[in-house]
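A short write-up of the structure that comes next.
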Amino acid sequence: MKRYQFELKNDQKHRIATVVMETDSVTVSEKEATSKTLGRPKRIPASLCAGGVEAQFQRSCLELKANGFILVNQEDSDGQEGAKPIVFAVIQEEQAAKELLKQLATSPLRQQNGFSARSTTELGSAHSALMILMAQKGIAKMYDGNLSNNAAMDASAVSAAAKALPPELYEAIVQQGFIEPGVVRSEDSRMTAILF
């Protein structure tokens, strides 16, 4: 069993959220910190957990993190590991994201269906390549799987995620304008740099 507790504290509210992973389900509950009740738990049975209970547990935790919650307590009693690393992306500019999706309709990054404003994605997938591209363009913010770190991934972390992509996906995002920090790719840019 895994049980992680999160807290959201600001001027308006103080909330506590708990995510519990068991062999047959993942349960998420959220409540006001001053309330004695457990909050309204949302139980997701294993049969409805995309990618299994471990992946669903990670997704649920990252959703809370993306909403401003901070990990305050974690209990791991089963030592289950092995889920593929995932990231969580939050779309900042929906219109710009839709425009980019239209441009990518003929590339390996094309999406068969839409995407949600908050999207959990497995690193190394075409979906994560798209989110990496959006993160560099400022259309989305990406959050890594380190639940104790509540800040969005910076340029170097996004760049590291890009380098871990399969070669064809990395090539696809480069063709769409992804540039490693500090790297000048185009001949025009190089010439401009030399002239200056």
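The values are calculated or read from the model by the stated rules, or taken from the named source; none is laboratory data. Quick caveat: nothing in here was measured; it's all calculated off a predicted structure. Positions of Cβ are backbone-derived with ideal geometry, glycine not excepted, and every protein chain shown enters the neighbour counts. The accessibility values were calculated without ligands, DNA or RNA, using every heavy atom of the protein model including side chains. Shrake-Rupley method; radii C 1.70, N 1.55, O 1.52, S 1.80 Å.
Heavy-atom accessible area with a 1.4 Å probe sorts Glu94, Glu7, largest first, into Glu94, Glu7.
Look at where the Cα atoms of the stretch 129-180 and of the stretch 11-56 average out, and the two centres are 28 Å apart. Pairs of Lys residues in the chain, spaced 8 or more positions apart or belonging to different chains, with C-alpha separations under 14 angstrom: 6 in total.
Just the protein heavy atoms count here, and of the accessible area of the chain at 1.4 Å, carbon and sulfur take up 50 percent.
Using the Cβ-Cβ distance between Ala50 and Met1 with R0 set to 22 Å, the FRET efficiency from 1/(1 + (r/R0)^6) comes to roughly 0.60.
Each residue was assigned an accessible area with a 1.4 Å probe, and for Ser148 the value is about 80 Å². Taking trypsin sites (Lys or Arg not before Pro) in DSSP loop states with no more than 14 other Cβ atoms inside 10 Å as exposed sites, the chain has its longest site-free stretch at 111-184. Near Thr37, within a Cβ-to-Cβ distance under 12 Å, what is the net charge of the other residues, with Lys and Arg +1 and Asp and Glu -1? Charge balance near Thr37 sits at +1.
Charged neighbours of Gln95, selected by a Cβ distance under 14 Å, balance to 0 (K, R count +1; D, E count -1).
Computing Rg and Dmax of the Cα atoms in Å directly from the structure and comparing it against [x] 20.3, 75; [y] 28.7, 99; [z] 19.2, 68 singles out [z]. For Gln5, neighbours were defined as the other residues whose beta-carbon sits under 12 Å from its Cβ, and their charges (Lys and Arg +1, Asp and Glu -1) total +1.
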